[in-house]
Structure formats: C-alpha cells, structure tokens
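Presented below is the structure to which this report refers.
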4 protein chains.
Amino acid sequence: MNDQTGSPPRSGGPVDPAVIDDLVAANCILADQGVLDGYGHVSIRHPGAAGRYLLSRSKAPAIIAAEDIMEYDLDSNPVDQQGRLMYIERYIHGEIYKARPDVNAIVHSHSPTVIPYSVTTVKLRPICHTSAFLKHDVPNFDIRDCDGMTDLLIRNEKHGRGLARTLGEDDVVLMRGHGNVCVGANVMAAVYRAIYTEVNARLQAQAMALGGPIKFLAPEECALITGRTDTNFQRPWAMWKSRIAAN
Amino acid sequence: MNDQTGSPPRSGGPVDPAVIDDLVAANCILADQGVLDGYGHVSIRHPGAAGRYLLSRSKAPAIIAAEDIMEYDLDSNPVDQQGRLMYIERYIHGEIYKARPDVNAIVHSHSPTVIPYSVTTVKLRPICHTSAFLKHDVPNFDIRDCDGMTDLLIRNEKHGRGLARTLGEDDVVLMRGHGNVCVGANVMAAVYRAIYTEVNARLQAQAMALGGPIKFLAPEECALITGRTDTNFQRPWAMWKSRIAAN
Amino acid sequence: MNDQTGSPPRSGGPVDPAVIDDLVAANCILADQGVLDGYGHVSIRHPGAAGRYLLSRSKAPAIIAAEDIMEYDLDSNPVDQQGRLMYIERYIHGEIYKARPDVNAIVHSHSPTVIPYSVTTVKLRPICHTSAFLKHDVPNFDIRDCDGMTDLLIRNEKHGRGLARTLGEDDVVLMRGHGNVCVGANVMAAVYRAIYTEVNARLQAQAMALGGPIKFLAPEECALITGRTDTNFQRPWAMWKSRIAAN
Amino acid sequence: MNDQTGSPPRSGGPVDPAVIDDLVAANCILADQGVLDGYGHVSIRHPGAAGRYLLSRSKAPAIIAAEDIMEYDLDSNPVDQQGRLMYIERYIHGEIYKARPDVNAIVHSHSPTVIPYSVTTVKLRPICHTSAFLKHDVPNFDIRDCDGMTDLLIRNEKHGRGLARTLGEDDVVLMRGHGNVCVGANVMAAVYRAIYTEVNARLQAQAMALGGPIKFLAPEECALITGRTDTNFQRPWAMWKSRIAAN
C-alpha cells in the first residue's frame with residue numbers, strides 16, 4: 001500500500017507536542033460531534049515545513065493518540081512508515097496542500113446529513129450566519145467525471161488533483177456518494193467548518209421540508225461574516241475539547 | 001471590543017451566590033438539552049438593580065462557571081471588565097431589558113429546529129400545551145430590514161433596539177438565518193421557553209410532514225394555559241439540573 | 001390543589017417494596033428512553049386493593065424515588081398527602097382504573113413523535129410487529145369536544161371520564177395537542193407500549209415520507225401478535241433497567 | 001419452546017473464548033449503535049463445525065455475556081439447553097446457514113430507519129460507497145407471501161427457508177413490517193453491514209426528502225467496492241468496541 005519509490009522523503013523536523021495534541025483532539029472532537037465515523041481523517045500541514053503534512057496512521061479518528069501521527073510529503077509518501085497501515089485516501093490531503101498554500105488543515109468526513117446533497121441536484125447553500133463560509137452553492141466532486149467507474153476512493157494523485165480542482169478557492173467540497181472535505185488556515189477553522197457544514201445541511205433540509213421560498217444568506221452577508229476578524233473559534237473549541245476530556 | 005466611554009458604570013451591588021449558580025446552571029442546562037451551541041448566551045437582570053444585568057464573559061455556555069459572570073449596564077457597558085473578552089451580541093440583552101421592565105432573564109440561542117422557521121414563510125405556531133407561550137405566529141426579526149447588509153450579529157444598540165421592537169410584548173422572537181431569543185420573568189421561565197420553543201418547532205415540522213390540516217392551539221387555549229398560576233417550572237428544572245450535575 | 005372532601009380515603013395496605021421499585025424504574029426507564037419529559041407520569045393499581053392506585057408526588061419522572069410514591073383512591077383523593085404537591089392530572093389514572101378493571105398500569109407521556117398524530121387528520125396505525133397492540137387507527141381525545149376551551153389539562157373527573165371513554169377497550173389513546181396514554185395489565189406491558197408507540201410513530205412518519213402506498217399490519221396479524229402467550233416483556237425490560245442503573 | 005425430538009445434537013466442540021468474546025461484542029456494539037433493540041440477535045457459525053451455530057439464549061443483546069452463548073444444530077435444536085429460554089426466531093440463523101455455506105455470521109435487527117423501506121414500494125438502494133454491499137434493490141421478504149396471516153415471527157423451518165430464499169445470494173434482506181437480516185463471511189463483516197444498512201437508509205431518506213433525481217451507486221461501482229481486498233473492517237470495529245468498553 002506504500003506508493004513511495006526510491007528513498008523516503010526527509011522529515012520537516014520535530015513538531016511541538018501541543019500541535020500534535022490539537023490534531024489528536026480534532027480527530028476526537030469530530031468523532032464525538034458525529035461528523036466523523038470510523039473512516040474519516042484529519043491532517044495538518046507541518047508547521048515548520050510547507051512540503052510536509054501530518055496524519056494519523058489508518059485508525060478510527062475516535063481512538064487515535066499522539067503516537068499514531070505520521071509525516072508525509074505532498075506526494076503522500078511517508079517519511080518513516082515503520083510498517084504502519086496508511087489511509088488509502090491520504091492523497092486528498094497531499095493534493096490539496098499542493099494546490100492551496102493558504103490551507104493548513106484538512107478534514108475528510110462522511111458527515112451524515114451532507115452526503116445526501118452530493119447525490120441530488122439540490123445544492124447545499126449557506127442558510128445561517130454560522131456557516132457563511134459555504135459562500136454559495138457548494139461544489140460537488142463526482143469521481144466518475146474524473147476517472148469513470150471506480151471504487152469511489154481517492155486512491156492516487158489523479159483523484160486528489162481532480163478533487164482539489166473542484167474545491168478551487170472554496171473551503172468545502174462535496175464528494176458524490178461519499179462525503180466531503182473541509183479546509184482551513186488552521187485546525188480550529190477546519191474543525192469548525194466540518195461541524196457547521198453538517199449543521200447547515202440539517203437546517204437547510206428542515207427548511208426545505210417546511211416548504212415555502214427560503215431566504216439564504218446573501219453573498220454580501222457571507223462576505224461580511226467571513227471577513228470578520230473577531231470570529232472566536234476558540235470559544236466552541238474549548239467546549240468540544242472539554243467533552244472529549246470527559247469521555 | 002469594549003464600547004464604553006468615560007468611566008465604567010457603577011455596580012448594582014453584590015448578588016446572592018445562589019442566583020449566580022442558577023444563571024450558571026441555566027447555561028449548562030440549555031447546552032445539555034441541545035438548545036445552546038458554543039455561541040449562545042443567557043443573562044439575568046440584576047436582582048437588586050433594574051439598570052444592570054449579569055452575563056458570562058465570552059465563553060461557551062456548557063463550560064462557564066460562577067467566576068465568568070460579569071455585570072453590565074443597560075447600554076451594555078461592563079462594570080468591571082478586567083480585560084475579559086465580552087460577547088459581541090450583549091446588546092440583545094441590554095436593549096430588551098430597557099424595553100421590557102417585566103423581563104428578568106433572556107436566552108439567545110441557535111436552537112437548531114427553530115432556525116428553519118426564520119428563513120421560510122411558514123410561521124412557527126403553538127401546537128402543544130407545553131408551548132402555549134408562543135401564543136400566535138412567532139415574530140421574525142430580519143436584520144436586513146433594520147440595517148441592510150450586515151454580518152447578522154446584534155453588534156450595537158440600533159440592532160438590539162430593532163430586535164426588541166420586533167419582540168414587542170411577546171416572549172419569543174426569531175432572528176432570520178441566525179437563531180432566536182426567549183425571555184421570562186425569571187431564569188426558570190426563560191429556560192423553559194427556550195427548551196419548549198425547540199420542542200414545538202420539532203412537533204410542528206413533524207405534523208406538517210405527516211400532512212393534512214393541522215389543529216394548532218386556539219388563542220383562548222393559549223390564554224388559559226399562559227394564565228395558569230399553578231405552572232410548575234421547578235419540576236423539569238430539577239430534572240435538568242440533575243442531568244448536568246451527573247455530567 | 002387537593003380536591004378531597006371530608007376525611008381521606010383508607011389505605012389499601014402495605015405494598016411489596018419490589019413493586020414500588022418497579023414503578024420507580026418504569027418512571028426512570030421512560031425518561032431515559034425519551035418518552036417522558038419532565039411532566040409525564042406513571043401509575044400502577046394497588047396490588048392488594050383494586051380501588052386504590054400508586055403515583056409519584058408531583059416530580060419529574062427521571063428523578064423520582066420510592067419515597068415519592070403516594071396512594072390515591074379512584075376519585076384521585078390522596079390517602080395521606082403529607083403536604084406533598086400532587087400531579088394536577090392524576091384524574092387520568094383514577095378514571096381509567098374505574099373504567100377498565102383489566103388495567104393495572106398507566107403511562108401518560110408527551111412522547112415527542114406521537115403528538116404530531118394528535119393534531120392532524122393522519123391516523124397513527126400499527127406498521128411493525130412490535131407495535132401490533134395499536135390494533136387499528138389509534139383513537140384521539142380532543143378535550144375541546146369534552147369541555148370546550150380549556151388549558152388542555154385533565155383537571156377533574158369529567159375530563160378523565162371523557163378520556164377513558166375515548167380510550168374504550170384500546171391500549172393507547174392520543175390527546176390532541178398534548179400527548180398520549182398507554183395502559184397495560186402490568187407495569188412492564190404499559191412501559192413496553194409507551195416505548196413502542198413512540199417507535200411506531202417514527203416508523204410510520206418515515207414510511208410516509210418515503211412515499212408510495214404503505215402496507216400496515218392486517219387486523220388478523222395484529223390479533224395473532226397480541227394473542228401471543230410467549231411475548232417476552234422481561235427481555236427489553238432487563239436492558240432498559242440496566243441502562244438506568246448505569247446512569 | 002424447544003422443538004427438538006429424540007436426543008439432542010452433538011456439540012461441534014469447544015470454541016476459542018476470543019471468538020465468543022467477539023460474538024458478545026457484536027451484540028453490544030449493535031445495541032450501542034442503535035441497530036439492535038431489545039429483541040434482535042447475532043449468531044456465528046461454529047468455527048470448527050459447519051453444521052452448528054452459536055447464539056445467545058433469549059436475552060437483550062445489550063446485556064448478554066459469554067455464558068449466555070448456546071450452541072445449535074442447523075435445524076435450530078440446542079446442543080445443551082440447560083433449561084434456558086431460546087430465541088423463538090432462531091430459525092432465521094439455522095436456515096440461512098443451511099442455504100449459504102459462505103455465510104459465517106448473521107445479524108437480525110429491527111434497525112429503525114430500515115423498517116420503513118419494508119412497508120412501502122420504495123426500494124432501499126446503495127447510495128454511498130460505504131454501503132455498496134447492498135448492490136441493488138434490496139430484496140424484501142413478506143411472510144404473508146410465505147405463510148399467510150401470521151404473527152410475523154420466523155417461528156419454524158418453513159419461515160426460515162422462505163426468508164433464506166428471498167435473501168438468495170445477497171447480503172441483506174428486509175422483512176416486511178418487522179426488520180432485516182444482514183450476513184457476512186465473519187462477524188465483523190456482518191456487524192459492518194448491519195450498521196451501514198441503517199446509515200444507507202438514513203442517507204437515502206434524506207436525499208429523497210431533498211428532492212430531485214438521485215444518483216445511486218452504479219452496479220460497476222458496487223462491484224469495484226465490494227471486490228476490494230483492502231477493506232479495513234477492523235478500523236471501525238476497534239472504535240465500536242472501545243465505546244462499549246467505556247460504558
């Protein structure tokens with residue numbers, strides 16, 4: 001399952017244990033919040049080396065620990081595999097980090113209420129101020145358009161590049177019949193977006209079920225909200241973290 | 001973020017610690033019941049000074065403690081900020097306390113099943129005896145009507161006054177694409193209303209999904225229920241409190 | 001709030017503490033299963049005196065204990081009130097015990113998915129073998145037909161008699177804009193029915209949302225299921241009880 | 001309730017305690033995940049004797065322990081009953097093990113979101129890569145077609161054979177107004193399928209509620225996914241198991 005050729009990439013250097021702890025917490029928080037099932041994953045870009053990223057070995061997010069975190073280059077080759085099983089879909093992370101220098105954290109989930117939007121013609125759109133980062137119709141990546149009939153997994157650079165292209169300059173991309181990806185400048189932002197993308201999906205579905213025309217956020221409102229400099233990601237993060245500590 | 005000018009307002013005086021404990025419990029109860037996410041807040045009017053109110057510093061309701069409670073005047077200036085971060089939207093509280101002398105407790109939430117009613121033309125209406133306090137079509141405040149394109153936050157007195165005007169003499173007001181506010185003569189009543197507004201939203205959505213004409217509460221029934229003098233808010237409060245104590 | 005006149009009724013005699021424990025467990029189980037909110041109640045007929053029943057004082061079911069159980073006659077007068085607050089709606093219990101000698105346990109709940117069926121013209125009907133006790137269209141009591149405009153509470157014998165009449169020989173009756181009542185020959189059967197009435201309401205709502213004609217249970221199927229002598233109420237009861245013991 | 005005639009069948013021999021522990025874990029996991037209520041069951045084929053299977057005595061899955069596991073022959077006669085109450089519907093297991101030599105584990109559940117598909121003309125179909133094992137329209141067994149009016153239970157070999165015939169070479173079969181059965185080559189696969197059949201039912205219902213044409217998985221996609229040799233059932237299993245250990 002290791003795709004590397006020749007010698008393994010060099011490490012980007014040691015990482016502050018507090019940074020690793022936040023990455024582990026991100027995994028556990030998203031599992032606790034029902035966004036991640038046993039098969040999702042969360043990565044961060046190496047804080048000291050833009051060409052490396054950090055991601056758990058193949059393990060359910062709810063139960064990973066600091067020692068499970070591995071380092072990869074952007075072609076998704078492990079720096080030091082030590083025989084550990086790797087996520088097949090790590091190319092999601094490598095290819096988005098290549099395409100988006102502003103992105104430092106990535107969540108791939110099967111967030112349950114979001115998937116239905118990936119298989120219909122109804123668009124997921126921002127309906128509440130807490131999910132203004134969705135901005136407009138959320139783009140939807142159908143791997144069938146990229147590589148025909150597949151097992152739907154992002155198994156290689158081609159798939160990852162296709163996904164990154166559909167994401168474009170946005171912060172969320174759906175994956176048809178599969179899940180979604182949320183990105184952020186830091187792990188708190190990416191986690192926030194993964195949670196509130198699920199929340200938005202629920203709110204929109206319920207509003208549509210009530211019926212009547214729906215007033216989505218206006219583009220100007222989204223711009224004013226996402227342009228805020230006083231958004232306090234730390235506020236819910238502290239709460240989410242306290243929940244996993246209590247488990 | 002502190003809007004005060006000149007010297008800070010004077011304190012309304014010391015507050016019974018049991019009153020503060022109830023305010024802290026209200027925050028934790030509403031988080032436990034799924035009404036408050038990381039961004040809502042609960043306040044009470046100062047029991048000894050009608051021109052002051054008590055509200056946590058900027059922190060997720062699930063994890064606040066007695067020492068987080070701050071005091072504000074009705075212009076939402078802090079009595080003694082001590083460098084603490086404040087809720088941007090504290091003007092919700094100040095302006096409603098100004099407009100409604102009968103109100104002594106306020107909950108602002110992003111109660112998940114209520115938001116959809118704020119973005120459609122379908123009205124939230126009382127459907128069950130436990131939510132007769134809704135009385136009729138619940139009013140809906142669209143900040144766009146008050147101040148055009150904004151980030152949807154109640155950031156100042158103008159926004160707060162607009163919201164208070166839409167609330168009028170009611171006990172609940174929706175906020176388009178944002179959430180809602182519930183008020184009460186005391187903290188138990190406000191908490192009760194916040195929880196049963198969410199319950200009513202679920203019941204109404206499910207009844208509408210079943211189809212057929214819906215028999216809402218008649219205005220006379222609402223009046224008879226809200227006019228009861230034997231309503232026992234203490235009964236569920238004790239249960240809600242025992243849940244957070246067990247956490 | 002005590003409606004009794006003259007001297008209080010005599011006690012039906014001491015009750016086996018294990019019977020009281022089961023009644024307390026029934027309250028806690030139904031709260032844990034989300035059937036009872038802070039305002040429902042569960043009673044049993046006095047095992048040694050058909051003219052008496054046992055019911056908690058006015059307290060949220062989730063937190064009642066053995067010492068909260070009070071004894072009433074079938075006119076719902078307390079044997080020994082000791083100044084305790086009583087459920088206003090205890091007439092539900094007294095009047096049904098009068099009308100139905102086969103009934104030895106009663107649950108009154110605001111079971112959340114059941115209420116919507118009480119306010120539409122869509123009938124709750126048995127859709128799954130576990131809820132065959134519903135038998136046919138579940139009857140719906142509208143207190144407006146019994147006593148015009150009220151606060152919807154079963155406040156007296158007249159209301160209770162009207163409700164018992166609508167229940168008839170069935171095991172479940174809806175209460176418009178309010179909740180429902182489930183009865184049984186013993187407390188396990190009544191608890192089972194309260195839980196699976198809620199389950200049936202969810203299954204039916206989901207089947208209706210999917211669309212297409214629905215195949216409900218045939219009357220013969222209901223009769224064969226309710227006629228079983230090997231139904232094992234003890235099986236889920238042991239599980240439900242283990243959950244509350246773990247809390 | 002014991003249908004055996006003559007002397008009881010001989011045992012297939014002792015079983016590794018770790019295998020029994022996995023069977024017990026499967027029961028507890030599926031209860032924790034909301035797939036099994038108090039009335040479902042999980043079996044495995046005897047690892048050393050293809051003509052025997054292992055199944056708990058009649059007990060709620062959430063609370064079974066290793067000592068509750070009994071051994072049966074494929075006619076569903078107990079090897080050593082010891083007076084224990086047996087699941088009436090054990091014929092589900094015996095008859096499927098007879099018909100399907102490739103099957104070594106079976107889950108029978110009342111998985112809540114799956115039942116609605118059993119009573120409408122809408123077909124449950126694979127909508128997400130995690131449930132590609134559904135392959136196509138999931139078959140639906142109506143016991144009325146097999147044996148007319150019954151209590152809907154799989155009470156004998158005739159019912160079990162009918163169910164096995166409808167299952168055919170598939171991995172999931174619905175049971176009208178009752179529940180479903182999921183099978184697998186091992187207990188992890190059967191548990192995985194039981195959980196993701198419920199997940200698929202939710203995703204499909206939500207997609208249908210959004211409206212618009214739905215893009216289900218193509219048959220080629222299902223074949224590519226189910227043909228994978230690197231599917232990691234161990235990954236979510238470890239997480240599910242850690243949850244029940246923490247209870």
Worksheet, complete the sentence: For the range B:122-137 the number of residues that are surrounded by 24 or more Cβ atoms within 10 Å (Cβ to Cβ) and more than 9 Å from every other protein chain (Cβ to nearest Cβ) is 3
Worksheet, complete the sentence: Restricted to the range D:208-220 and to residues being over 19 Å from D:Ser118 (Cβ atoms) and in contact with a Pro (Cβ under 9 Å, 6 or more places away or on another chain), the residue surrounded by the most Cβ atoms within 10 Å (Cβ to Cβ) is D:Leu217
Discussion item. Please go through the range A:160-176 and give me each residue that is more than 17 Å from A:His41 (Cα to Cα) and within 14 Å of chain D (Cβ to nearest Cβ), ordered by number.
Written reply: A:Arg176
Worksheet item: Which condition number in (1) open to solvent by 40 Å² or more (accessible area, probe 1.4 Å); (2) under 18 Å from the mean Cα position of the chain (by Cα); (3) among the aliphatic types (A, V, I, L, M) is the one that D:Ile195 fails?
Response: (1)
Worksheet item: Could you say which residue among B:Ser11, B:Ser56 is among the hydroxyl-bearing types (Ser, Thr, Tyr) and farther than 27 Å from B:Ile115 by Cα?
Response: B:Ser11
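Tally time: how many residues in the range B:198-220 are under 24 Å from C:Asp142 (Cβ atoms) and touching a residue at least 12 places away in the same chain (Cβ under 8 Å)? First the steps, then the outcome.
Narrowing the range B:198-220 to residues under 24 Å from C:Asp142 (Cβ atoms): B:199-220.
This time we only want the ones that are touching a residue at least 12 places away in the same chain (Cβ under 8 Å), so: B:199-205, B:207-208, B:214, B:216-217, B:219.
Number satisfying all stated conditions: 13.
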Item to complete: Read through the list (1) at pLDDT below 95; (2) on the phi > 0 side of the Ramachandran plot, then give the number of the only condition that B:Arg228 fails.
Response: (2)
Practice prompt. Could you list, in sequence order, all residues of the range B:226-239 that are touching a residue at least 40 places away in the same chain (Cβ under 8 Å) and either within 7 Å of another protein chain (Cβ to nearest Cβ) or touching a helix residue (DSSP H, G or I) at 6+ places or on another chain (Cβ under 6 Å) (or both)?
Written response: B:Thr226, B:Phe233, B:Pro236, B:Trp237
Worksheet item: Across the range D:203-225, what is the number of residues that are touching a helix residue (DSSP H, G or I) at 6+ places or on another chain (Cβ under 9 Å), part of a helix (DSSP H, G or I) and facing chain A (nearest Cβ under 9 Å)?
Response: 12
Practice prompt. Of the numbered conditions (1) away from chain A (no Cβ under 14 Å); (2) out of contact with any strand residue (DSSP E or B) (no Cβ under 7 Å at 6 or more places or on another chain), B:Gly34 fails exactly one; give the number of that condition.
Written response: (1)
Discussion item. I need the full set of residues from the range B:7-46 which are of a type in the set (S, T, N, Q), closer than 30 Å to A:Ile195 by Cα and either open to solvent by 30 Å² or more (accessible area, probe 1.4 Å) or touching a Lys or Arg at 6+ places or on another chain (Cβ under 6 Å) (or both), in order please.
Written reply: B:Gln33
Fill in: Selection from the range C:88-117 of residues that are among the aromatic types (Phe, Trp, Tyr) and more than 19 Å from B:Ser131 (Cα to Cα)
C:Tyr91, C:Tyr97
Worksheet item: Hey, any hits in the range B:139-151 for a residue that's more than 9 Å from chain A (Cβ to nearest Cβ), open to solvent by less than 30 Å² (accessible area, probe 1.4 Å), within 29 Å of B:Ala209 (Cα to Cα) and in contact with a helix residue (DSSP H, G or I) (Cβ under 6 Å, 6 or more places away or on another chain)?
Response: yes
Worksheet, complete the sentence: For A:Val183, the lone unmet condition from (1) touching an Asp or Glu at 6+ places or on another chain (Cβ under 8 Å); (2) assigned to a helix (DSSP H, G or I) is (2)
Worksheet item: In the range D:58-99, which residue that is β-branched (Val, Ile, Thr) and closer than 12 Å to D:His41 by Cβ is nearest to the other protein chains (Cβ to nearest Cβ)?
Response: D:Ile88
Discussion item. So for the range D:172-180 (the condition being touching a helix residue (DSSP H, G or I) at 6+ places or on another chain (Cβ under 9 Å) and either polar (S, T, N, Q) or assigned to a helix (DSSP H, G or I) (or both)), does at least one residue qualify?
Written reply: yes
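The values are calculated or read from the model by the stated rules, or taken from the named source; none is laboratory data. This structure is a prediction, so every number in the text was calculated from the model and none was measured. All Cβ positions, even for glycine, are placed from backbone atoms using ideal geometry, and neighbour counts span all protein chains on display. Ligands, DNA and RNA are stripped out before the accessible areas are found, and what is left, the full protein with its side chains, is counted by its heavy atoms. Shrake-Rupley method; radii C 1.70, N 1.55, O 1.52, S 1.80 Å.
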